[in-house]
Structures are given as C-alpha cells and as structure tokens.
Amino acid sequence: MKVEVNGRFEDYRTVWMKDSIVHMIDQLQLPYKFTVHRSEDHRKTAAAIKNMVVRGAPAIGATSAYAMAQAACEFPGGDFLSFLRHMEAAKKLLEETRPTAHDLAYAADSMMRELKKAASVKEAKKQLTAAAAKYADDSAERCRMIGVSGAGLIKDGARILTHCNAGALGCVDYGTALSPIRYANDRGKKLFVYVDETRPRCQGSKLTAWELTQERIDYVVIADNAAGYFMKKGDVDLVIVGADRVTANGDVVNKIGTYEKAVLAKENGIPFYVAAPKSTIDARLRTGDAVEIEERSGDEVLYAWGEADGAIRKVRIAPEGAKARNPGFDITPARYVTKIITEEGAYSPREAVKAIR
Ligand code: MRU
C-alpha cells in the first residue's frame, strides 16, 4: 500500500520480517501516528497479535507464519522431537491469541506441515524462514487477485458501504473488501465509500478512513446506526465486507455489526458481497454457530480511545461500575450473502465452499 510519510509516498506492507525481526505497522497508533512496531521473538509477536498492534484475518495469518519462523530460529538445540514439541507449543500460543479468524490457524498449520518435511532442525529453521516469506507473498497476491475478481461488480459512480477495516491494514497488502475498491479506483472509476464500525473499536473510522485518505478515495464516516438510514434513502449501491471465517454452509463470521448490515442490505434490495481469500473458508465446521466467537474486554464498550494533546487517551462513556458484553464478531447466515469474492472469482456462498473441496 502507498503511505504518505513526510509528504512522500512510500510502499509498505502491513507486516514483514527482516533478520528474524517481525515488523508491523502499529495499528494502535493510527490514524494519529504512522509507526512501525518491531518484535524480536515469537512471544512478542504473539502478544502484538493479541493486543491488536496487527489485526485483520490475513494480516494475523501472515504474522503467525512469521512468528512460527521466529520460534524455529529461537530453538536452542536438541533432537527433532524436542524441536517439534517446542514448535507445537508456539503454535498453541499463537492460536490462543485470537480464536475466530481461520487464517491464523491455517498459517500456523501450513508452517507445521513445512517443518515436517525437513531432515534436520538446522534445515527446518531455514525452510520455515523461507516458507513464512512465501506465505506472506502468496497472501498478498491472493488479496490482489480478489481486487481483480471483484472489480466488475463495482460500476463507475458506485456508492459502497464497508464495515470495519478489511483493507490493506487487515491483510499483508491490498485488502479484501478494499481490494476491488482500490482496483476500480486505480482504473479511474469514480467511487464513494460509506465507512462504518465506529464502535466498539472504531476500525472503520480509524483505519479504513486512514487508508481511503491515503488512496485519495472519497468517503464519509457514518455511525454504525446510520447504515439503515442511508440504505433506505437509496444512497448505497452495494455493500462489501471482509470475513474472518466462512463455514461449510456459506455462513460468514466477521466483525460485530456485519450481520445487521447484511439484513439491512437484503431488506433494501442491495447486493451484499463478502471478499475473502479461500484460506478463510473452514469447511470442517458445518455452520457459523460452530465458530468460537472471541469475547473481548468490556472496556472497549465502556470507554473510548482518541487523541488529545498529542497523546492517545482513554475516556469513560458509561457510569462507573457499568457492566458490558463485547462479542468481537457475529455470524451472517449464507442467505444474506449475494456473492463471496475470492482470488479465483465471485461465487455464491455454496459454490465458494465447493471450490475449495
Ligand atoms: O477484530 P479485527 O479488527 O481483527 O476484525 C477484523 C475484521 O473483522 C475484518 O473485517 C476481517 O478480518 C476481514 S479481512 C481483513
């Protein structure tokens, strides 16, 4: 993605590894400050995923692949069996950071498969480092191709609603939901984007708005509650969101609030597209109800975070002692999804699942 740093555009990925150090654009600092967070070992990388320095399904997938490579290189020495045990522990640590997105476990599993091909610990360390870099490259390419697959669905002049951040920041690059938008914009189509997820984490107003600003794409931030108003007025032509997991029946698990947008879109006759790489599809789970939904701290509901006087500050927006519930994701039944846009094309939810079998 292009990022304007000190008046000059530079190319960045969301996450990369150099000399065994994982580098991540620090998403807790955006949109206030562009900084890169560095993590020297796999435990710190796992903590960065848990604390959401890096977030978004494909981004945490690639970050977990890099963390597995770090874990391999940290192994002090010993036989292959103890190396395997060390790597299983690293995988478990990573999988426990954020349970809902399939990409994270998918990436850690691919690293384990890679490791088992190696003839020695020394060879495994080298192979895993190369495999993690390839995983990230492939993940970026899958997202680029989502842009190609979905671009035809976006007409010149389209008014698009997107929820949360399914942009380059949520991926290694390009984005999922934002990839077709980027692609259409790059080819000169005039677009307008309604951006929401203004609670509980404000990933729309903080991250998607920041990305669209960088891309010079016209947008407005709307309160989550306003989506129905704009849809009913006829101001939204299509909705595109990302996904954290898609199950065998085509149900879509994505950031909390997605379900409401899908129901509203159907009520108003608006196409509802889900953009996701095939690695998001988890055909082992029959329906969305089988997905573990991450329950996050109630503080995200009871407090708001923003910049004041050059520092990020937390303010209470509920009475002292109020309790909160804070599910991070919800389940959109397949019947609300017009098409799933993957790196290979746009399919009905059932066809998309069939394509990975
Ligand atoms: O909790 P987050 O910010 O990791 O949630 C991210 C989302 O729900 C995105 O919509 C998702 O990962 C889509 S793919 C970038």
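Assorted remarks:
- Count of the range 71-107 residues, restricted to those that are open to solvent by less than 10 Å² (accessible area, probe 1.4 Å), touching an Asp or Glu at 6+ places or on another chain (Cβ under 6 Å) and part of a helix (DSSP H, G or I), is 0.
- Considering residues of the range 251-283 that are surrounded by fewer than 21 Cβ atoms within 10 Å (Cβ to Cβ) and either modelled with pLDDT under 95 or among the small types (Gly, Ala, Ser) (or both) only, the residue nearest to Gly61 (Cα to Cα): Ala283
- Criterion: away from the ligand (no atom under 13 Å from the Cβ) and on the phi > 0 side of the Ramachandran plot - qualifying residue of Gly175, Gly157, Gly152: Gly157
- Only residues that are of a type outside the set (Val, Ile, Thr) and part of a helix (DSSP H, G or I) were counted in the range 330-357, giving 9.
- Pairs where the first residue, in the range 154-180, is farther than 23 Å from Gln29 by Cβ and modelled with pLDDT under 95 and the second is open to solvent by 10 Å² or more (accessible area, probe 1.4 Å) and more than 7 Å from the ligand (Cβ to nearest atom), C-beta under 7 Å, 6+ apart: none
- Comparison of Thr213, Thr198, Thr162, Thr208 shows that the only residue that is among the β-branched types (Val, Ile, Thr), out of contact with any Leu (no Cβ under 9 Å at 6 or more places or on another chain) and within 15 Å of the ligand (Cβ to nearest atom) is Thr198.
- Being within 16 Å of the ligand (Cβ to nearest atom) and farther than 15 Å from Ala65 by Cβ is a property that holds for Gly147.
- Screening Pro200, Pro180 for residues that are within 30 Å of Val315 (Cα to Cα) and not basic (Lys, Arg) leaves exactly one candidate, Pro200.
- Selection within the range 229-255 - without any contact (Cβ under 8 Å) to a residue 40 or more places away in the chain and of a type outside the set (Phe, Trp, Tyr): Lys232, Lys233, Gly234
The values are calculated or read from the model by the stated rules, or taken from the named source; none is laboratory data. Small disclaimer: the values here were computed from a predicted structure and weren't measured. Using ideal geometry, Cβ is built from the backbone for each residue, glycine included, and neighbour counts are taken over all protein chains shown. What goes into the accessible areas is simple: the full protein's heavy atoms, side chains included, and nothing from ligands, DNA or RNA. Shrake-Rupley method; radii C 1.70, N 1.55, O 1.52, S 1.80 Å.
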